[in-house]
Amino acid sequence: MKKDIILCGVGGQGILSIATVIGYAAVDSGLYLKQAEVHGMSQRGGDVQSHFRISDKEIFSDLIPFGGADMILSVEPMESLRYLPYLSKNGWVITNDKPFNNIVNYPETEDVYKQIKKLDNHILINADDIAKEIGSPRSMNMVMIGAASSFLGIEFDKLIEGIKFIFGRKGEEMVNLNVKALEAGKAFAEKFNK
Amino acid sequence: MEKLLLLGDEAIAQGAIDAGMSGIYGYPGTPSTEIIEYVQRSKTAQERNIHRKWSANEKTAAEAALGMSYAGKRSMCTMKHVGLNVAADCFMNSAITGANGGTIVTVADDPSMHSSQNEQDSRIYGKFAMIPIFEPSNQQECYDMTFHAFEISEKYQIPIMMRLTTRLSHSRSGVATKDMIAENELKLPEDKRQFVLLPAIARRRYKMLLDNQVKFETESENSPFNKFIGGSDKSKGIIACGIAYNYLMENYTDSTCPFPVLKVSQYPLPRKMVEKITSECKEILVLEEGAPMIEEMLKGYLGDCLNIRGRLDGTLPRDGELNPNLVLQAINGEKVEMNLIPEEVKGRPPQFCKGCGHIDAYNAIKEVMADYGDGHVLSDIGCYTLAALPPFQSINSCVDMGASITMAKGAADSGLFPVIATIGDSTFTHSGMTGLLDAVIEGTNIVVMILDNSTTGMTGGQDSHALDRLVSICEGLGVEKDHITRVNPIKQNHEALVELIRKEIAYNGVSVIIPTRECMQTLKRKLKKK
């Protein structure tokens, strides 16, 4: 088992919380993990990415080779396209549909969607709306993990454990809301693929 | 055996704590910042009262760490690569004084300049100083090497350089820890004149350093971190340093590398191992993150008769960081097939946070400077450097910490008028104060704007030495009281700030304007805590 995932978005959107939950679940499942993060300048509203690798064998490189990623998991639609050179032939692009528009030349949203829809394996999900619907607008990231969950090679229960670990000290309600977000994301992805 | 999930930086920190370090000193700088931050969060560090406060700059940090070594305890100083330029005076001379308690200079380089103004390779500094260098290839080695480095440091009474690069500093992986060892007792050097670099003593110490080179090389030959891995295909031999070893092995996860490989993680270069691989193989490929240091050592000027491949002959790019694909391409010429980035994807440069006080400061500067044209604002290193990008495009320099004030002085000395320097509060106490003194002594006609957000912002909000001290520092340096003004950079004060800048430009002498408003990031964090 080996999964190479590019996590991406815009600095400040909190992609590292995604890495933390999946990372906890992976380590809890006895897998090796390497996760290269972006710290520093780009965190101020620039494009950010994390190379996230899990495997049942030793992992060497902290970076995913070009053409090697099993998945691009993005919390912003245009950003999901920035890392296409990393995507493997049968890889999946799973992305939130809500643009984060902090530049003057942001493309037409429809043009971005068109590019995403061109890809054989993609899930375009309104994660922000789903998070709002369940009453936890800040759980968008957990919706995204849910949408990716069936491609991660990690048991769903382990992801719930990960959420408990991260949000446990913020109380049971917080944990429940985030688990709900995770489940909603999963349900959406299952329907999307039918 | 406990396993922790740690960044390379954090593994160094945990290793240092467990190896009995008594103090760590440094100045924040990407990608080195997380080392000290980790020690600051560590319970053990609190219990042991390990020194873990930030220093004013890398030079003061290196000196304090050397002082702790002088007193017999284990110490570390940390910095980014360009920080070593600031600390270089102490660094170079500490190779001559030698150490007493074990001491490690940990430097995190930033090839590809993700968050830096150059990509200098600190190994060259280590070689220059003639001290042993450790270059871990993974997080576990970060941890283990820290123990080993302290031991070598004490065995030969020599400071050690630990060299990281961005991808290791900021990548997380499982690390197995060892039992913690006790701190050293306070113990002054046996030779009480060891650290007195008067010429007569320095000459003697320098000879000792030269004599030790052979021993350092033997340590490298026997190092658990340097490995010779045999291979049957001798058409090529590969020397892979630090993290480049991973990029090589990444291409052989399901097979064995057919070529002999020399993994180098401890310097000086293990000469015998190098001789073995160069005599066995027809061609040598050198994989190193940063400058082609080893490649140049092997080639020299006369090396064209040897078959050395690497960054110098175009087998690998001369600049930028390596990755598994570049390495594979260097081995077999294979180019990987990959998707293109659609043209819809636009660049997304970093920018000021919403509500940042720097925005208001630069709005005022931009309005005033419209009368004079682009070219009058010398700036510095920090979040406020983002004013070089649209929509501001308002600054004309970012060179090194503190250079805004001194470059402004030089430009004013040349007759440029007006000249404004913009510098952050933490950068000012790092290296701006001495330059301001130069300007005060000569009454240079400049306006210095210390953009005070009460933190070290770009690196994530570390404590600033300047907090609540800026006015008294400027007064102490001799700036006229009437020309030191603090303002609150908010929209309502825009006109007042514009007028103030105009007034101070009209004053022939040194003026200091201090727009003061807390960083949005640290403010947010404080509110969250409440």
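What follows is calculated from the coordinates using simple rules that are stated; it is not laboratory data. Computed from a predicted model, the values in this text were never measured in an experiment. For neighbour counting, all protein chains shown are included, and Cβ atoms are generated from backbone atoms with ideal geometry for every residue, glycine included.
Evaluate Rg over Rh across the range B:227-332, taking Cα atoms for both radii and Kirkwood's formula for Rh. Could the numbers behind the result be given before it?
Details: Rg = 12.5 Å, Rh = 13.6 Å.
Rg/Rh: 0.92.
Between B:Glu221 and B:Asp468, what is the label-point separation in nm under the 7 Å Cα-to-beta-carbon projection?
Calculated label separation equals 6.0 nm.
Could you state the angle between the C-alpha long axis of helix B:58-70 and the longest principal axis of the C-alpha atoms of chain B, as a value from 0 to 90 degrees rounded to the nearest 10?
The two axes meet at around 50 degrees.
Which of the three applies to chain A, rounded, prolate or oblate, going by the alpha-carbon gyration tensor with a ≥ b ≥ c and a/c under 1.5 meaning rounded? Could you put the intermediate results ahead of the total?
Working: a/c = 1.36, a/b = 1.09, b/c = 1.25.
Taking the square roots of the gyration eigenvalues as a ≥ b ≥ c, chain A is rounded.
Run the quick spin-label model on B:Asp179 and B:Lys529: label points 7 Å from Cα toward the beta carbon, then report their separation in nm to one decimal.
3.8
With both partners inside the protein assembly as shown, how many of the DSSP beta bridges are antiparallel, as a percent to the nearest 5? Show your work: numbers first, answer last.
Details: 28 of 87 bridges.
Within the protein assembly as shown, antiparallel bridges account for around 30 percent of the total.
Given 0.36 nm per residue, what is the gain on full extension from B:Lys53 to B:Glu343 after removing their alpha carbon distance, in nm? Provide the component values of the computation, followed by the final result.
Numbers: separation 290, 0.36 × 290 = 104.40 nm, distance 4.68 nm.
Gain on extension, B:Lys53 to B:Glu343, equals 99.7 nm.
Going by C-beta contacts inside 10 Å, put A:Met144, B:Met520 in order with the fewest on the left. Working shown, then result.
On the way: A:Met144 30, B:Met520 17.
Lowest to highest Cβ neighbour count: B:Met520, A:Met144.
Hey, what number do you get for chain A at 222 nm if only DSSP H runs of n ≥ 4 count, each worth -39500 (n - 2.57), divided across all residues, to the nearest 500? Working shown, then result.
On the way: 7 runs with 79 residues, N = 194.
Taken over chain A, the calculation gives -12500 deg cm²/dmol.
Explain nothing, just compute: Karplus ³J(HN,Hα) = 6.51 cos²θ - 1.76 cosθ + 1.60, θ = phi - 60°, for every residue of the range B:86-95 in order, whole Hz, x for Gly and Pro.
Taking θ as phi minus 60°, the curve returns 5, 8, 4, 4, 5, 4, 4, 6, 5, 5 Hz for the range B:86-95.
Stick to Cα atoms and the Kirkwood definition of Rh, then tell me Rg/Rh for the range B:375-530. Intermediate results must be reported in sequence, preceding the final value.
Values: Rg = 14.9 Å, Rh = 15.6 Å.
Checking Rg against Rh, the ratio lands at 0.95.
For B:Asn226, which sequence-distant residues (separation of 5 or more, or a different chain) have an amide H within less than 5 Å of its own amide H, given hydrogens modelled in the peptide plane?
Distant-sequence amide H within range of B:Asn226: B:Ser265.
Among B:Ser55, B:Ser397, rank each residue by its count of other Cβ atoms within 10 Å, from fewest to most, as a rough exposure measure. Don't skip to the answer; put the middle values down first.
Working: B:Ser55 24, B:Ser397 18.
Listing B:Ser55, B:Ser397 from fewest to most nearby Cβ atoms yields B:Ser397, B:Ser55.
Can you give the extra length, in nm with one decimal, that the chain gains between B:Phe128 and B:Asp319 once fully stretched, where that is 0.36 nm per residue apart less the Cα-Cα distance? Intermediate results must be reported in sequence, preceding the final value.
Details: separation 191, 0.36 × 191 = 68.76 nm, distance 2.12 nm.
Gain in length upon complete extension: 66.6 nm.
Rounded to the nearest whole Å³, what is the per residue volume of the convex hull around the Cα atoms of the range B:1-106?
Values: hull volume 9.8 nm³, N = 106.
Convex hull of Cα atoms, per residue: 93 Å³.
Three principal axis extents, largest first, for the C-alpha atoms of chain B, in Å?
76, 64, 52
Taking every Cα atom in the range B:105-172, find the radius of gyration and the maximum pairwise distance Dmax, and write them in Å.
12.4, 37
Once you list every other residue whose beta carbon is under 12 Å from the beta carbon of B:Leu210, what net charge do they have if Lys and Arg are +1 and Asp and Glu are -1?
Values: positive: B:Arg203, B:Arg204, B:Arg205, B:Lys207, B:Lys215; negative: B:Asp211.
Counting the neighbours of B:Leu210, the net charge comes to +4.
So what are the range B:3-221's ellipsoid semi-axes, whole angstrom, largest first, if each one is the square root of 5 times an eigenvalue of the alpha-carbon gyration tensor?
25, 20, 16
In sequence order, what are the phi-derived ³J(HN,Hα) couplings for the range B:240-246 according to the Karplus relation 6.51 cos²θ - 1.76 cosθ + 1.60 with θ = phi - 60°, rounded to whole Hz, with x for glycine and proline?
So the J values, rounded to whole Hz, are 10, 9, x, 5, 4, 4, 5.
List the residue ranges in chain A for DSSP H helices whose C-alpha atoms run 27 angstrom or more along the long axis and whose Kyte-Doolittle average is -1.0 or above. Walk me through the numbers before you get to the answer.
Details: long enough: A:172-192 (30 Å, -0.11).
Taking the DSSP H segments of chain A (at least 27 Å long, mean hydropathy at least -1.0), we get A:172-192.
Using θ = phi - 60° and the Karplus form 6.51 cos²θ - 1.76 cosθ + 1.60, what ³J(HN,Hα) does each residue of the range B:405-419 get, whole Hz, x for Gly and Pro?
Here the 3J(HN,Hα) series is 5, 6, 5, 4, 4, x, 5, 5, 4, 7, x, 5, 8, x, 10 Hz.
Can you flag which of B:Lys73/B:Lys155; B:Lys73/B:Lys215; A:Lys158/B:Lys3; A:Lys170/B:Lys3; A:Lys57/B:Lys80; B:Lys127/B:Lys263 are past 21 Å Cα-Cα?
Details: B:Lys73/B:Lys155 14 Å; B:Lys73/B:Lys215 23 Å; A:Lys158/B:Lys3 19 Å; A:Lys170/B:Lys3 25 Å; A:Lys57/B:Lys80 32 Å; B:Lys127/B:Lys263 18 Å.
Where the Cα-Cα span goes over 21 Å, the pairs concerned are B:Lys73/B:Lys215; A:Lys170/B:Lys3; A:Lys57/B:Lys80.
Which of B:Ser394, A:Ser150 comes first, and how do the rest follow, when ranked by fewest Cβ neighbours within 10 Å?
Details: B:Ser394 21, A:Ser150 13.
Listed from fewest to most nearby Cβ atoms, that is A:Ser150, B:Ser394.
Determine, from the Cβ-Cβ distance of B:Gln46 and B:Lys282 and an R0 of 51 Å, the FRET efficiency 1/(1 + (r/R0)^6), rounded to the nearest 0.05. Display every interim value, and only then the final one.
Values: r = 57 Å, r/R0 = 1.11.
Efficiency for this residue pair is about 0.35.
For the protein assembly as shown, treating each Cα as an identical point scatterer without solvent, what Debye log10 I(q)/I(0) comes out at q = 0.05, 0.08, 0.09 1/Å?
Log10 of I(q)/I(0), two decimals: -0.27, -0.70, -0.89.
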